[in-house]
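This report concerns only the one structure given below.
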């Protein structure tokens, strides 16, 4: 059976999902449906299948950047944005911190590693916690690396205050796999710690995530 023969009139992915649930759809059908692919003169599900093959399966597709997706036929900015957003929502749902106590660098690393380990670019996140050091939310604040651009200290503090945090930690990944903090990492950590003291927030730690290990910057 060809890919296109599964999408005959009356058996479109959207209708089948509503009738039978998402488990009744193939990976390619789910990708096409989420992205809202409307390929001119081509089968939409076939485009979804090609994307999965091109990027090495769903796990590869989940870490693809919008500009990479838009190099594929049938994928423009709207479709790329929808796909990236869908994978990000899925990642947040499965890695959402709920009342986990982050009272050590190891606890922080354990919580953030699943999120940062899949990143191909350096990404900085703020782990917002309450007064009892219970994790409330992970908030991305920078992409591209502390060695290439300064850490946005104001955005870090605003993220904590926006979600009613009383304490927070920083974490970022090193795509090279080496978690040893750089001199810039240490400078950024010191700047954030000073700013936190000035506004009455408790700074817990800053951890760097590598391939299979992590390091505290403090």
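The values are calculated or read from the model by the stated rules, or taken from the named source; none is laboratory data. The model shown is predicted, which means the values in this text are computed figures rather than measured ones. Every residue, glycine as well, gets a Cβ built from its backbone with ideal geometry; the counts of neighbours run over all protein chains shown.
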Output the number of the condition that residue 178 fails; it satisfies all remaining conditions of (1) in a loop (DSSP other than H, G, I, E, B); (2) surrounded by 19 or more Cβ atoms within 10 Å (Cβ to Cβ).
(2)
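Might you check whether a residue that is in the same structural domain as residue 101 (by TED's automatic domain parsing), within 20 Å of residue 117 (Cα to Cα), over 19 Å from the mean Cα position of the chain (by Cα) and outside any helix (DSSP H, G or I) occurs anywhere in the range 183-203? Working first, answer last.
From the range 183-203, those in the same structural domain as residue 101 (by TED's automatic domain parsing) are 183-203; that's our starting set.
When the remaining residues are screened for being within 20 Å of residue 117 (Cα to Cα), the result is 185.
Checking which are over 19 Å from the mean Cα position of the chain (by Cα) leaves us with 185.
Filter again for outside any helix (DSSP H, G or I), leaving none.
No, the range 183-203 has no match at all.
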So residue 137 clears everything in (1) at pLDDT below 95; (2) buried (at least 22 other Cβ atoms within 10 Å of the Cβ); (3) in a strand (DSSP E or B) except one condition, right? Which one?
(2)
Answer yes if at least one residue in the range 60-76 is in contact with a helix residue (DSSP H, G or I) (Cβ under 8 Å, 6 or more places away or on another chain), at positive phi, surrounded by 16 or more Cβ atoms within 10 Å (Cβ to Cβ) and assigned by TED's automatic domain parsing to the domain that holds residue 29, and no otherwise.
yes
Count - residues of the range 107-129 that are modelled with pLDDT of 90 or more and either at positive phi or surrounded by fewer than 16 Cβ atoms within 10 Å (Cβ to Cβ) (or both)
1
Considering only the range 1-98, give the helices (runs of 4 or more DSSP H) lying wholly within it that have at least 2 residues that are closer than 30 Å to residue 169 by Cα and modelled with pLDDT of 90 or more.
77-95
